[in-house]
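The values are calculated or read from the model by the stated rules, or taken from the named source; none is laboratory data. Computed from a predicted model, the values in this text were never measured in an experiment. Here Cβ is always computed from backbone atoms with ideal geometry, including for glycine, and neighbour counts include all displayed protein chains. Remember, those area values only see protein heavy atoms, side chains included, never the ligands or the DNA or RNA. Shrake-Rupley method; radii C 1.70, N 1.55, O 1.52, S 1.80 Å.
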Amino acid sequence: MKRIEPRHLQVQVLVVGGGIAGLSAARTLAEEGSEFLVVEEYPFLGGQYLRNREGYRPRDTRTRRRGFKLLDWALERDEFWTSSLVLGCYTENGERQVAVSRGGEVFLIRPGKMIIATGAREKFLPFPGWTLPGVVSVGAVQALIKTSGTLPGREGIFAGTGPFLLASAHEFKKAGGRVAGIFELNSRGRAMSFMPFLLDGEKLREGMKYLLSLGNRLKFGWRVERVEKKGDGLEVRLVKGRKRHRAVVDFLAIGHGFSPNTELAQLCGCPVEYSAGLGGFVVKTGEDLGCGYGIYACGEVTGIGGARKSLIEGRIAALSALGKKVPSALLKRRERELRFARALNTVFSVPSHLWKEIPDETVICRCEDVTMGDIKKAVKEGFYLLRELKETTRITMGNCQGRTCFPILTEYLRSSGISPQPMSVRPPVKPVEMGIFVSR
Amino acid sequence: METVHIRVNGREIEAREGEMLAAALLRAGFKVFRKSPGGSPRSLFCGMGTCFECLIKVDGSWVRSCITPVREGMEVEVEED
């Protein structure tokens, strides 16, 4: 075996993430005449919101129109690397180097400034049976339809909390699927308290469209109790107080909000803090979206707030990275989006007691098959620091490196009065095969 | 839309150019992709490369099938139920 020599590159501004925030940052960098490179892990640009596919260009809202315009602009340029994974961030002789794996090669990039736009992942309230094939995330349903034109089944149930349940169910129905039910965890009254934050036209119209299409399928206050395999389908059992509901469907889509992908930012030395109103652990920045060391963060990593917040923050981060003054109107628009974000994450959150009521048999860490019972036992024995829980149960130690279970563990510990520290992150940021470092 | 052919556990299936491998597998009736360390069946879950549940072997390398586009002649191995 021979060590592969990495290729060296230098760039004025490196943007990590080619979703809507990264695209917005790149556009501003280009307008300001700056040299830049955007590195995107997926084989397509646009992130989860736009998910580039030929012929897929819905232009039903202003934000989507703006997003697809940015995407079409980016597709004409060479500064966007797809299927490229950032492995880590290192300092050598006082200079920052970012390692990127691309097409079987490793690149060491020395950026002047860096903009982190790594987006978010979904969050889940687990229940027995959530690891069964046929239980998917609500995001997976959208991804299957948008990118591959495939439905996860003919008939499905959507359960969890937040407006994204409706968005995903709507996409599924439009593609020809049967929505057996949409079960929102929170009460109707609580969901209604979100209405004032929709009063800005675009979001209200979108919400109304979903309600008109699926309002009769939407039920409030229901939670999935367990799922079991039944023939070729799944039997989903739901509960609301003393009421029970049971249905056999092809698939169950679940989602309980989002959690920012802070791993790379943490590895680069950016501080993170827990904020329930912003979706969990978020990258902590100043008003200019800077987190020190010439690093800036934008989009979902600074707080879960949706595409419009990402568009605005991408511009702010790019201007700040170039040392330009950020117009106060832009900062004001960001404030408005943050208010929306806080309302969204607060109204559509999982009630704290439900984390404590997760049955012992429920798998929490899917990669390592660690159950709630295993965690409770370890906590009872006094192991409640993350490091101790890892050592005793193997939680967060699997392939996904805690991306799915750590937000669950965080909420469970917080509901029990323990405030966990953020996860410690080590390179590679995501698992890669050893083969990329040595020639075969 | 162009059709591409891939082999899954030795069986040839058709896929659509540009789609992700996980979608082609589901459509061809492969519901289980792999087993967890404890032996329970797993399949596509997050659909965006985060959870690693759809990890399978393609031409001898491990990939996340939800973010891997299909390619003519791919040799795919899944752990069936």
message: Regarding region A:378-393, can at least one residue be identified that is within 24 Å of A:GLU225 (Cβ to Cβ), buried (at least 21 other Cβ atoms within 10 Å of the Cβ) and either more than 19 Å from the chain's Cα centre (by Cα) or of a type in the set (Phe, Trp, Tyr) (or both)?
response: no
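Return a yes/no flag: does region A:288-295 have any residue that is open to solvent by 60 Å² or more (accessible area, probe 1.4 Å) and either modelled with pLDDT under 95 or of a type in the set (Phe, Trp, Tyr) (or both).
Scanning region A:288-295, I find at least one residue that is open to solvent by 60 Å² or more (accessible area, probe 1.4 Å) and either modelled with pLDDT under 95 or of a type in the set (Phe, Trp, Tyr) (or both), so the answer is yes.
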Picked from region B:54-81 (must be in a loop (DSSP other than H, G, I, E, B) and open to solvent by less than 30 Å² (accessible area, probe 1.4 Å)), the residue nearest to the other protein chains (Cβ to nearest Cβ) is B:THR68
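Being of a type in the set (A, V, I, L, M), outside any strand (DSSP E or B) and either surrounded by fewer than 24 Cβ atoms within 10 Å (Cβ to Cβ) or at positive phi (or both) is the filter here; which residues of region A:241-269 pass it?
A:LEU267, the sole residue that qualifies.
For (1) without any contact (Cβ under 8 Å) to a residue 60 or more places away in the chain; (2) within 14 Å of chain B (Cβ to nearest Cβ), each residue gets a yes or a no:
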site	(1), (2)
A:MET114	no, no
A:LEU151	yes, yes
A:LYS174	yes, no
A:ALA191	no, no
A:PHE194	no, no
A:GLU206	no, no
Please indicate, with yes or no, whether at least one residue in region A:306-324 is more than 17 Å from A:GLY119 (Cα to Cα), open to solvent by 50 Å² or more (accessible area, probe 1.4 Å) and not hydroxyl-bearing (Ser, Thr, Tyr).
yes
Any hit, region A:52-61, residues being crowded, with 18+ Cβ neighbours inside 10 Å and of a type in the set (Ser, Thr, Tyr): no
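If a residue must be among the hydroxyl-bearing types (Ser, Thr, Tyr) and either touching a Pro at 6+ places or on another chain (Cβ under 9 Å) or within 14 Å of chain B (Cβ to nearest Cβ) (or both), how many such residues does region A:40-80 contain? Break it down into steps so the answer makes sense when it comes.
So in region A:40-80, the residues among the hydroxyl-bearing types (Ser, Thr, Tyr) come out as A:42, A:49, A:56, A:61, A:63.
Now restrict to residues that are either touching a Pro at 6+ places or on another chain (Cβ under 9 Å) or within 14 Å of chain B (Cβ to nearest Cβ) (or both): A:42, A:49, A:56.
So the answer is 3.
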Could you say whether any residue in region B:14-25 is open to solvent by less than 10 Å² (accessible area, probe 1.4 Å), within 27 Å of A:THR371 (Cβ to Cβ) and not in a strand (DSSP E or B)? yes
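Counting only residues that are more than 9 Å from every other protein chain (Cβ to nearest Cβ) and aromatic (Phe, Trp, Tyr), how many does region B:27-53 have?
Step one: of region B:27-53, the residues more than 9 Å from every other protein chain (Cβ to nearest Cβ) are B:28-30, B:34-35.
Filter again for aromatic (Phe, Trp, Tyr), leaving B:30.
Here the count works out to 1.
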Sole miss for B:PHE45 among (1) open to solvent by less than 10 Å² (accessible area, probe 1.4 Å); (2) out of contact with any Asp or Glu (no Cβ under 7 Å at 6 or more places or on another chain) is condition (2)
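Suppose the filter is under 23 Å from the mean Cα position of the chain (by Cα) and under 27 Å from A:PRO152 (Cβ atoms); does A:ILE254 pass it? Walk me through it before giving the result.
Details: under 23 Å from the mean Cα position of the chain (by Cα): yes; under 27 Å from A:PRO152 (Cβ atoms): yes.
For A:ILE254, the condition - under 23 Å from the mean Cα position of the chain (by Cα) and under 27 Å from A:PRO152 (Cβ atoms) - is met.
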Looking at region A:359-376, can you tell me whether even one residue there is within 14 Å of another protein chain (Cβ to nearest Cβ), in contact with a helix residue (DSSP H, G or I) (Cβ under 8 Å, 6 or more places away or on another chain) and of a type in the set (Lys, Arg)?
yes
Among (1) in contact (Cβ under 8 Å) with a residue 60 or more places away in the chain; (2) surrounded by 20 or more Cβ atoms within 10 Å (Cβ to Cβ), A:THR396 falls short only on (1)
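Tell me whether region A:5-18 contains one or more residues that are without any contact (Cβ under 8 Å) to a residue 60 or more places away in the chain, under 14 Å from A:ARG102 (Cα atoms), buried (at least 21 other Cβ atoms within 10 Å of the Cβ) and in the same structural domain as A:LYS309 (by TED's automatic domain parsing). Spell out the reasoning first.
Keep residues of region A:5-18 that are without any contact (Cβ under 8 Å) to a residue 60 or more places away in the chain, which gives A:5.
If we keep only those that are under 14 Å from A:ARG102 (Cα atoms) too, we end up with A:5.
Checking the rest, the ones that are also buried (at least 21 other Cβ atoms within 10 Å of the Cβ) come to none.
No, region A:5-18 has no match at all.
Taking the condition within 20 Å of A:LEU185 (Cα to Cα) and crowded, with 18+ Cβ neighbours inside 10 Å, does A:THR371 pass?
On the way: within 20 Å of A:LEU185 (Cα to Cα): no; crowded, with 18+ Cβ neighbours inside 10 Å: yes.
No: the conditions fail for A:THR371.
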